[in-house]
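All of the numbers you see were taken from the coordinates with simple rules; none came from a lab. Note that this is a predicted model, so its numbers are computed, not measured. Cβ sites come from the backbone with ideal geometry, for glycine too, and all protein chains shown count toward neighbours.
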Ligand code: SF4
Ligand code: SF4
């Protein structure tokens, strides 16, 4: 519910302090679509790929900069094709309430994801 709210209100991560992002293993993905359904941010799609080893010819593809690293997708993947990996660029939690409010406001004035993978 909390993560759904992120997406529903177009939130851009001011309260997200996770320094992880999902990583998908194309070789074992069976394109079942479960992660697509579960992701609260709606940042996973199934796309045709020559890396696919399943009959559908598709793999799960992530829009990395918008992933909040919640792990909801990885938890139920039937083939254990998703792992959380540490981001190269770390993002520290707000230092104080002023910093927090500043980030919160920035999320609504600057809708593009500010995190880099
Ligand atoms: S849940 Fe796992 S197997 Fe299913 S589409 Fe996502 S990554 Fe692929
Ligand atoms: S960790 Fe998985 S479920 Fe969570 S936002 Fe990223 S892709 Fe979506």
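Going by average Cβ density within 10 Å per residue, which order do the peptides 49-55, 96-102 take, highest to lowest?
49-55, 96-102
What ranking of 35, 70 emerges when the number of other C-beta atoms within 10 Å of each C-beta is taken as an exposure proxy, fewest first?
Ordered by Cβ neighbours within 10 Å, fewest first: 70, 35.
For a test of the definition: using alpha carbon positions, the gyration tensor, and the 1.5 limit on a/c, classify the stretch 35-74 as rounded, prolate or oblate.
Cα axes put the stretch 35-74 in the prolate bin.
Ranked by Cβ crowding within 10 angstrom, fewest neighbours first, how are 105, 59 ordered?
In increasing order of surrounding Cβ atoms, one gets 105, 59.
So between residue 23 and residue 104, what do we pick up on full extension, going 0.36 nm a residue minus the alpha carbon distance?
26.4 nm
Would you order 38, 103 from fewest to most other beta-carbon atoms within 10 Å of each residue's own beta-carbon?
Neighbour counts put them in this order, fewest first: 38, 103.
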